[in-house]
Structure formats: C-alpha cells, structure tokens
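Worksheet: the structure to be examined is printed underneath.
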Amino acid sequence: MMAQPFYLPLDGQDDTEWEHVQPTSSTVSVWSSSMQHGSPPAALLVRALERCGPRDDARLSRVAVDILGPIPLTECRVRASVTRPGTKVELLRAELEAKQDDGTFRAVATAQAWRLATADTSGSTIVHDEAMRHRDTGRDADPAKFFPPGYVHMVEWVLLNKPGGTGPGQFWGRPLVRLVGDEPMSPLQRLFAVVDSANGLGAKLDIRKWTYLNTDLTVHLYRQPVGDWVGVSAESSVGPDGIGMCAATLHDASGPLGRSAQTLLVRRR
C-alpha cells in the first residue's frame, strides 16, 4: 500500500466558498473499504476551524464532531465560519460534504468549536489526570496482521496494554502521513488524526463478533497539544439496548491535556 497523504488538494476549483480535496486510500475505515475512518475527516474539519479567522490571542478549547453517515471515498469539500463572534468567546462551525454519483454534494460531517481568549494562568495550573506511561514501555502494533490496508496502516501505534484486557485501553499514536498534500500538520490536527480510534482500542467487545461505530467525537482541551505523539487512555461502556459510549483522557509527551467522548452504536455481527 502506497503511503499517501490522507487528502490531496484539488487545485483549479472555481469555488471561493469551499476547499475541495480528494481522499486517498490512507483514509479507508476498518469497518468498510468503501468509507473513510472517522479520524481523517475530523482532522480535516479541525484544520478548517484553525484556518477560520485565526487569532494569536485565542485557541480552540472544545470541538464537537458529528458524523452524519458513512463518509465515502469521493471528492470532498470543507468550509468553516464564525457563527457567534466575540472578543473572549467565539463559536465556530465547520462543514464537510462529499460528492454523490449525480455530481451533487451532501453533508457527511459537521464540527462546532468554542474558541476562547487565552490568559496567563501558568502559576495556577491544576491537572487531575494521571500521566500515561512512556511509549518506550509499550509494544509496537502491526495492523497488517489483523486489518486490510487503510487508515490504521498510516499511523504508528504503540500499545501499553493488551486491547480488550482489564482497565483502560492505553496507546500512543503518530500519523505517518500528512493530512492535506505536503502541508505540515499542526499538533491539534495530529491529535484529531488519532483520537477517533479511542473506541476501537478502548473496546472490551471482540471486534470479530461486534461492531461499535461512533456517531460523534467531542474533545475538550485544557492545554494545547505539543509534539508528534498522541497518547490515549480509553474505556468503553455498553448499555443493555445497543448503545454505548467511550471516554478517554488525552496526552502528549508533556502529560495529560484533555478528554474525549464518543457515542457508540453497538451491534452483533
């Protein structure tokens, strides 16, 4: 499998409102070879949010992604706007659409984000989450043993414990390809390119017998991520009626930095 960026830019588009990109085979989901894994679209939406009227005195503090259905491997377009402007608090919205067989586009995912003005609280930081073990104490995972070519092959995975075992599923991930073309990825884009995998590696159900697709991804960040590696400590809960959730603490090399949550649709294969 050729290592391509998750998306290739489509130049020459006569469209001033939307940015058009072409998903590559690097985005293919583990659930179906005809749809994208949730992480690349989430990172693409975050990229649009970061590029929407960027401010040096403010940052994204919460991003809520809603996946509106299977995201196909067709041409996509993305845009973002400020829906609630403000000096200290802003609400942003990003939209992702995919081309259909008849040439029209349909909405496949959205993201809403709070962007808050920053201030110096470095002398009063409070962190309750425990730091994860360093990735050097884990073992490299080889997705080729279990999954067909696609997204999971485009991330370097280090597992700190056995998936499905007792306690949270803990892992480190680092994207091996870029998000759009040869454009460098921001630390926040790298985080979103990994974190949607929390429900997979935090699951206790056997993936050979169950599916547990997520319909959303919400990330709260009390600190900006830094570096290339993203650490996730995730655990899923499943109710009695086919609905579950996955909650995770997020880390980088400097320690914990936020939390994520996903709603799960759980079904027996």
How big is the Cα convex hull of the stretch 192-241 in projection, averaged over all directions, in nm²?
4.6
Determine the per residue accessible area of the chain with all protein chains present and a 1.4 angstrom probe, expressed in square angstrom.
49
Report the local net charge at residue 161: Lys and Arg +1, Asp and Glu -1, summed over other residues whose C-beta lies under 13 Å from its C-beta.
+4
Estimated inter-spin distance, residue 206 and residue 223, nm [label 7 Å along Cα→Cβ]:
4.0
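By accessible area of protein heavy atoms, probe 1.4 Å, what ranking do 153, 128 get, highest first? Working shown, then result.
Working: 153 50, 128 160 Å².
Descending accessible area places them as 128, 153.
With all distinct Cα pairs included, what does the Kirkwood hydrodynamic radius of the chain come out to in Å, to one decimal, could you say?
Mean inverse Cα-Cα distance, inverted, gives 19.0 Å.
What number results when the radius of gyration of the stretch 1-94, computed over Cα atoms, is divided by 2.2 N^0.38 Å? Numbers along the way, then the final one.
Values: Rg = 14.8 Å, N = 94, 2.2 N^0.38 = 12.4 Å.
Normalised Rg, Cα atoms only: 1.20.
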For a quick check: with amide H placed at 1.01 Å from N, whose amide H comes under 5 Å from residue 4's, ignoring anything fewer than 5 positions away on the same chain?
26
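Starting from the Cα-Cα distance between residue 18 and residue 268, subtract it from 0.36 nm times their residue separation and give me the gain in nm to one decimal. Mind showing how you got there, number by number?
Values: separation 250, 0.36 × 250 = 90.00 nm, distance 3.87 nm.
The residue 18-residue 268 span can extend by a further 86.1 nm.
Starting from the exponent 0.38 and prefactor 2.2 Å, build the expected Rg for the stretch 114-222 from its residue count and divide its actual Cα Rg by it.
1.25
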Of all GluC sites (Glu not before Pro) in the stretch 1-104, the ones in DSSP coil with at most 10 other Cβ atoms within 10 Å are 17
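If you rank 99, 88 by how much accessible surface each has, with a 1.4 Å probe, what is the order from largest down? Mind showing how you got there, number by number?
Details: 99 70, 88 155 Å².
From most exposed to least exposed: 88, 99.
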All aspartates and glutamates inside 15 Å of residue 88 as judged from Cα atoms, apart from same-chain residues fewer than 8 positions distant:
56, 57, 120
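The values are calculated or read from the model by the stated rules, or taken from the named source; none is laboratory data. No experiment lies behind these values; they were computed from the predicted model shown. Don't worry about glycine lacking a Cβ; one is built from the backbone with ideal geometry, like all the others, and counts go over all protein chains shown. Accessible surface areas use protein heavy atoms only, side chains included; no ligands, DNA or RNA. Shrake-Rupley method; radii C 1.70, N 1.55, O 1.52, S 1.80 Å.
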